[in-house]
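Working notes for the structure below.
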Amino acid sequence: MAPVITVDNLTRRFGETVAVNELSLVVEAGEVFGFLGHNGAGKTTTVRLLNGVLLTDSGTIQVLGHSPLTDGPAVRARTGVLTETPSLEERLTARENLAYYAALYDIPSSEVNPRINTVLETFDLSERADEKAGGYSKGMKQRLALARALFHQPELLFLDEPTASLDPVASRQVHEIITHLSQDEGRTVFLCTHNLDEAQRLCDRVAVMEHGRLLALGTPAELGAQLGGRARLEIEVAPGDTPQAADLLRSAGATEVRVEHDTLHVAGIHREAVPGILAALVAAGVAVYRLNPVEPSLEDIYFALHDNAEREGIA
Ligand SMILES: Nc1ncnc2c1ncn2[C@@H]1O[C@H](COP(=O)(O)OP(=O)(O)O)[C@@H](O)[C@H]1O
Ligand SMILES: [Mg+2]
C-alpha cells in the first residue's frame, strides 16, 4: 500500500524562524504516528502544511496521493483535524454542532441524523446531546471536537495535542478513542504531543522533533536501542540494606542511584554487567528480593536525544 503521507525535505520559515527545517518522513496506512516535541518544535506548522492551509518554502508533500499545495480541498475532504484549541459553537448543543458541521461537508441529508446518533454514542455524549456545548466539561468539549473532526469519516486524522488541557480521566477517554479509531476502524492517526507517556502508550512509531528538525524516527523500542544498551534497573532489597547496596552499585559504575523505600532505581549499568552485580550484592550479604530491568522510556530517549542535539549545537 502506498504511504499515506510522504514528506521530502520540507522547509517552512516565518521570518528568521525556521519552523520546519528539511523534514523528511513517511507515514504508513493504519499506523498511529507520534509527532513529538516541546513547544515551538514545529508540530502545528507541519500539520498545517500537510493539510494545505499553509504554503511551503521548499520541499514536497504527498498526502493520500495529493499535493496539499495544489490540491488542498481533495486532501481536506479525506483528512480530519483536531486543532490545538478547537472552537465549538458554545451556544449550540452537541447535536446542533454536528448538524452544522455536516452541512459544511455536504453529507447526504438522509445520513446526517443516523450518523449524529452513532458518533454521539461512540463519544459518550448521547445523554447530554441536547444541552448547550458551553456548559460541558473540558473532556466533553474535547470529545465533541473529536466527533466533529471525524464526522466526515476521514481516513487520516490529525490530532494536535488532544489531551494537553485534560485531566487524567478525560485523557484516558481520549486515549481509548484513539486506540479504537486505529485498531477497530483502521484509520491512520498523526498524533502531535509533548506527552511522552502518551506517545509511548499509543504510537507505533514516533518522530522526535526539535526546533523544526527531525532528531530521530522509529518505534519506541528502536529509539530505546539507540541508547546503547544502558539498562535501568529496579532492585528491591531488605529494609536496611539499601545504603550498602547503593554503595556497591555506585562503585560498579551506576551513573544514578535513587532510593525509594526499599527499592533502588539504578541507571547507567550495562546489561552485560547485571549478573556480576547481582552476585556481588548477594556475596556482600544484601538480601535481594527483586531485580527488574526497566525498558528505556520515551522520556529517557527524549532527554538523551535532546542532550546530544545540544552538544552538537542544534538545540
Ligand atoms: N504564523 C506564525 N507566524 C510566525 N511564527 C510562527 C507562526 N506559526 C508558528 N511560528 C513559529 O514557528 C515555530 C514552530 O511553531 P509551532 O509549529 O506552533 O510549534 P509546536 O506546535 O511544535 O509548538 C515557533 O518558533 C513559532 O513561534
Ligand atoms: Mg503546536
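Where a number appears in this text, it was derived from the coordinates with a stated rule and is not lab data. Note that the structure is predicted; figures quoted are calculated from it, not measured. Neighbour counts run over all protein chains shown; Cβ positions are idealised from the backbone, glycine included.
Put a dot 7 Å past the Cα of ASP124, heading toward its Cβ, do the same for ALA164, and the two dots end up 2.3 nm apart.
Between ASN117 and LEU69, how many nm apart are label points set 7 Å from Cα along the C-beta direction? Here the answer is 4.7 nm between the modelled labels. Label-to-label distance for ASP57 and GLU310 is 2.6 nm, based on points extended 7 Å past Cα in the beta-carbon direction.
Only residues of the range 288-310 count here: report those whose backbone N is under 12 Å from the spot 7 Å along Cα→Cβ of HIS175, or say none. Inside the label zone: nothing.
Against the chain, whose longest principal axis is taken from its Cα atoms, helix 94-104 shows a tilt of about 60°.
Contour minus end-to-end for SER297 and ALA2, with contour as 0.36 nm per residue of separation and end-to-end as the Cα-Cα distance?
Details: separation 295, 0.36 × 295 = 106.20 nm, distance 3.09 nm.
Computed gain between SER297 and ALA2 is 103.1 nm.
Among 249-262, 1-14, the peptide with the highest mean count of other Cβ atoms within 10 Å heads the list, and the full ranking is 1-14, 249-262.
Along the charge dipole of the range 123-206, which of CYS203, GLN153, GLN183 sits closest to the positive end, that is, farthest toward it, with unit charges on the beta carbon of Lys, Arg, Asp and Glu (+1, +1, -1, -1)? Final value for the positive-end residue is GLN153.
From helices alone, the chain scores -11000 deg cm²/dmol at 222 nm; the rule is -39500 (n - 2.57) for each run of n ≥ 4 DSSP H residues, then divide by the residue total.
Residue-wise HN-Hα couplings along the range 288-301, as the Karplus relation 6.51 cos²θ - 1.76 cosθ + 1.60 with θ = phi - 60° gives them from phi, are 9, 8, 7, 9, 10, x, 10, 4, x, 7, 4, 5, 4, 4 Hz; Gly and Pro carry x. Relative protection proxy for 66-77, 31-42, from highest mean packing down: 31-42, 66-77 (other beta-carbon atoms within 10 angstrom). Between the Cα long axis of helix 138-150 and the first principal axis of the chain there is an angle of about 60°, rounded to the nearest 10.
Using a cut-off of 15 Å between beta-carbons, work out the net charge of the residues near ALA284 (Lys and Arg +1, Asp and Glu -1, ALA284 not included). Walk me through the intermediate numbers first.
Numbers: positive: ARG250; negative: ASP241, ASP247.
The answer is -1.
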